[in-house]
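Shown next, in structure tokens, is the structure this report addresses.
The values are calculated or read from the model by the stated rules, or taken from the named source; none is laboratory data. Source: prediction; values computed, not measured. Just the protein is used for accessible areas: all its heavy atoms, side chains included, with ligands, DNA and RNA removed. Shrake-Rupley method; radii C 1.70, N 1.55, O 1.52, S 1.80 Å.
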Amino acid sequence: MTPLDVLALGAAGVVAGAMNTVVGSGSLITFPTLLALGYAPVLANVTNTVGIFPGSVSGIVGYRRELRGGVGRAVRFGMLSALGSIAGALLLLQLPESAFDAIVPALILIACVLVAVQPRLSGWLTARQRRGHQGGPLLWFGILLTGTYGGYFGAAQGVLLIALLTVFIDDDLQRLNALKNVLAGVANGVAAVVFILISEVAWGAAASLAVGAIIGGQLGATVGRRLPPPIYRTTIVLVGVIAASVLILT
């Protein structure tokens, strides 16, 4: 790695850490950065998961006040997220790399669509919530599936989680966002442990991402929510579409 590579990954980690804390989708910044630096897709995904996990912890710490009174709920749902993440991580390592190459562009584009339609989606979810939809087996199954997705790839995992939580749980949005950070962090952390134990990690790149992500997690918890949402959303979608196009064409 060159000093320029370290700076690029550190900067991507800062942006991703802030994005993940506020809404999610930070991997749509870091994963394409790793690809641009020449890492193979599966190695880039594994390294990205390990590298952004410290940022998830940083974001959880930044939102610790919103977690008060909801630790039990976070533990229960976190167990489902962990189980799903193990399944997703093992799928990534067991399926051939060609399968990942074929699936990931579609996942990135789906993530971009979710980010783009999030304002409309949030309005629809709020309306459903007001009609009395609450948790239960559907929410549990949704968290399990989202954890599986997070272990396999994870871009826009936070968007999926906040959508689920808003539908099924009647609570303040900032408290739900704090819960989202916990569940996404659990999925990332469990997948990172699996990858470290049985796969290859580009440790220099992961360390550069981690330093940036820790800083970004704190920034996201303090000032990230003040950024204009349209700019945030447009940037995420543009980066994601470019990343998907590169993967399709190479």
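Structure remark: mean-square fluctuation, Gaussian network model of the chain, C-alpha springs under 10 Å; the largest value among Ile198, Ile143, Ile60 belongs to Ile198. Here the sum of -39500 (n - 2.57) over DSSP H runs of 4 or more residues, divided by the residues of the chain, equals -28000 deg cm²/dmol at 222 nm, to the nearest 500. Size descriptor for the chain, Kirkwood hydrodynamic radius: 17.6 Å (Cα pairs only, one decimal). Axis of helix 157-168 versus longest Cα principal axis of the chain: the two differ by about 10°, to the nearest ten degrees. Note on the chain: GNM, Cα springs under 10 Å; of Val50, Val71, Val237, the largest mean-square fluctuation is that of Val71. Helix 229-249 versus the longest principal axis of the chain: what angle, 0 to 90°, nearest 10, using Cα atoms? For helix 229-249, the angle is close to 40 degrees.
Could you list log10 I(q)/I(0) for the range 29-126 at q = 0.10, 0.12, 0.24 Å⁻¹, which the Debye formula gives when each Cα is one point scatterer? The Debye formula, applied to the Cα set alone, gives -0.40, -0.59, -1.28. The residues of the range 1-65 expose, per residue, 34 Å² of accessible area to a 1.4 Å probe. For the chain, the longest principal axis of the Cα atoms and the long axis of helix 118-130 meet at an angle of about 30 degrees. Heavy atoms of the protein chains alone define the surface here; on that basis the range 174-225 has 36 Å² accessible area per residue at 1.4 Å probe size. When the chain is treated as a Gaussian network with alpha carbon springs shorter than 10 Å, the biggest mean-square fluctuation among Leu160, Leu109, Leu183 belongs to Leu109.
Across the accessible surface of the chain, with the other protein chains kept in place and a 1.4 Å probe, carbon and sulfur atoms take up 71 percent. Considering all different alpha carbon pairs of the range 15-65, the Kirkwood hydrodynamic radius works out to 11.2 Å.
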